[in-house]
Amino acid sequence: MVKLSVCVGSSCHLRGAYDIIKIFESLIKQYKLEDKIKLTAEFCCGNCTQPVSVKIDQNGPFSVTRENAGEFFKKYFLEV
Ligand code: FES
């Protein structure tokens with residue numbers, strides 16, 4: 001099980017963390033990855049100047065926006 005965590009600290013929240021979570025949720029459902037990816041929320045990881053911080057297990061933070069969230073997901077979870 002891979003842990004996909006989205007920062008919900010105040011800065012990331014303002015930059016659309018909730019939307020990113022929704023996008024990941026629907027992609028996980030769409031590709032039936034519920035038993036492979038555990039989507040969680042995390043507090044600030046000190047990357048606040050960037051778009052929404054996302055980690056995959058201990059990797060990252062990656063900076064994800066509403067616009068590139070789908071592409072990010074596909075790159076890390078569908079093209080491996
Ligand atoms: S609020 Fe998300 S990295 Fe700080």
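Relative contact order of the chain: 40 percent, from C-alpha pairs under 8 Å at least 6 residues apart in sequence.
Using a probe of 1.4 angstrom and keeping all protein chains present, the accessible surface of the chain works out to 62 square angstrom per residue. Sparsely packed loop sites in region 13-61 (the GluC sites (Glu not before Pro) outside DSSP H, G, I, E and B with at most 15 other Cβ atoms within 10 Å) comprise Glu34.
Computed over protein heavy atoms with a 1.4 Å probe, the carbon and sulfur contribution to the accessible area of the chain reaches 52%. For the chain, state which chymotrypsin sites (Phe, Trp or Tyr not before Pro) are in a DSSP loop and have at most 11 other beta carbons lying within 10 Å of their beta carbon. Passing both the DSSP loop test and the Cβ count: Phe43. Here the 3J(HN,Hα) profile of region 15-21, calculated from phi with Karplus coefficients 6.51, -1.76 and 1.60 at θ = phi - 60°, is 8, x, 3, 5, 5, 4, 4 Hz, Gly and Pro shown as x. Choose one answer from Thr49, Thr40, Thr65: the residue with the largest mean-square fluctuation in a GNM of the chain with alpha-carbon springs under 10 Å. Between Thr49, Thr40, Thr65, it is Thr49 that shows the largest mean-square fluctuation. Cysteines of the chain lacking any other cysteine Cβ under 4.7 Å from their own Cβ: Cys44, Cys45, Cys48. Whole-Hz Karplus values for region 38-45 come out as 9, 8, 9, 10, 10, 8, 3, 10 Hz, taken residue by residue from phi with 6.51 cos²θ - 1.76 cosθ + 1.60 and θ = phi - 60°; glycine and proline positions read x. Near the amide H of Lys3, within less than 5 Å, lie the amide hydrogens of Lys38, Asp57, all on another chain or at least 5 residues away, with H placed in the peptide plane.
Taken about its Cα centre, the chain carries a charge dipole of roughly 60 debye when the Cβ of each Lys and Arg holds +1 and the Cβ of each Asp and Glu holds -1. Distant-in-sequence amide contacts of Ala41, defined by a placed amide H-H separation under 5 Å and a gap of 5 or more residues or a different chain, comprise Val6. Computed from phi, the 3J(HN,Hα) profile of region 65-75 under the Karplus parametrisation 6.51, -1.76, 1.60 (θ = phi - 60°) reads 10, 4, 6, 9, 4, x, 5, 4, 4, 4, 4 Hz, with x in place of Gly and Pro.
The values are calculated or read from the model by the stated rules, or taken from the named source; none is laboratory data. Computed from a predicted structure; not experimentally measured. In this analysis, Cβ positions are derived from the backbone assuming ideal geometry, glycine residues included, and neighbour counts consider all displayed protein chains. Remember, those area values only see protein heavy atoms, side chains included, never the ligands or the DNA or RNA. Shrake-Rupley method; radii C 1.70, N 1.55, O 1.52, S 1.80 Å.
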